[in-house]
Amino acid sequence: MLVLVTYDVSTTSREGRRRLTQVSKKCLDYGQRVQNSVFECILDTTQFRRLKYELEELIDKNTDSLRFYNLGDKHKTKVEHIGVKASYDMEGPLIL
């Protein structure tokens with residue numbers, strides 16, 4: 001399933017900037033960045049639960065926020081992209 005992960009981390013403090021970096025790196029472990037604080041992740045149910053748990057452990061729930069949009073398995077008909085920054089097909093063959 002395709003899950004869109006978005007976050008807003010308060011960066012008014014040094015600790016907040018550290019959390020922002022940690023959240024970004026954790027999202028990169030699971031998917032690709034499509035905008036500054038937006039990631040597309042192809043996950044199964046277990047991976048989705050793990051990602052949510054790991055991100056919840058990183059943020060400060062009093063100042064930060066996370067949003068998860070589950071676009072399901074038929075996501076190719078639900079996502080339209082216009083403009084720069086073309087992305088790669090995460091389900092396609094990997095050619096190095």
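The values are calculated or read from the model by the stated rules, or taken from the named source; none is laboratory data. The structure displayed is predicted, hence computed values, not measured ones. Heads up, the Cβs are rebuilt from the backbone with ideal geometry, glycines too, and the neighbour counts pull from every protein chain shown. These accessible areas exclude ligands, DNA and RNA; they are computed on the full protein's heavy atoms, side chains included. Shrake-Rupley method; radii C 1.70, N 1.55, O 1.52, S 1.80 Å.
Couple of notes before you dig in:
- Residues (touching a Leu at 6+ places or on another chain (Cβ under 6 Å) and either assigned to a helix (DSSP H, G or I) or without any contact (Cβ under 8 Å) to a residue 24 or more places away in the chain (or both)) located in the range 1-18: Thr11
- Selected residue (criterion: nearest to Glu56 (Cα to Cα)) from residues of the range 5-20 that are surrounded by fewer than 19 Cβ atoms within 10 Å (Cβ to Cβ) and not charged (D, E, K, R): Thr6
- In the range 77-90 there is no residue matching the filter, namely being at pLDDT below 70, surrounded by 15 or more Cβ atoms within 10 Å (Cβ to Cβ) and more than 21 Å from Thr11 (Cα to Cα).
- Filtered residue count, the range 26-37, keeping only those that are outside any loop (DSSP other than H, G, I, E, B) and open to solvent by less than 30 Å² (accessible area, probe 1.4 Å): 2
- Tally of residues being loosely packed, with under 12 Cβ neighbours inside 10 Å, in a loop (DSSP other than H, G, I, E, B) and touching a residue at least 24 places away in the same chain (Cβ under 8 Å) across the range 38-69: 1
- Screening Val23 against (1) in a loop (DSSP other than H, G, I, E, B); (2) surrounded by 18 or more Cβ atoms within 10 Å (Cβ to Cβ) leaves a single unmet condition, (1).
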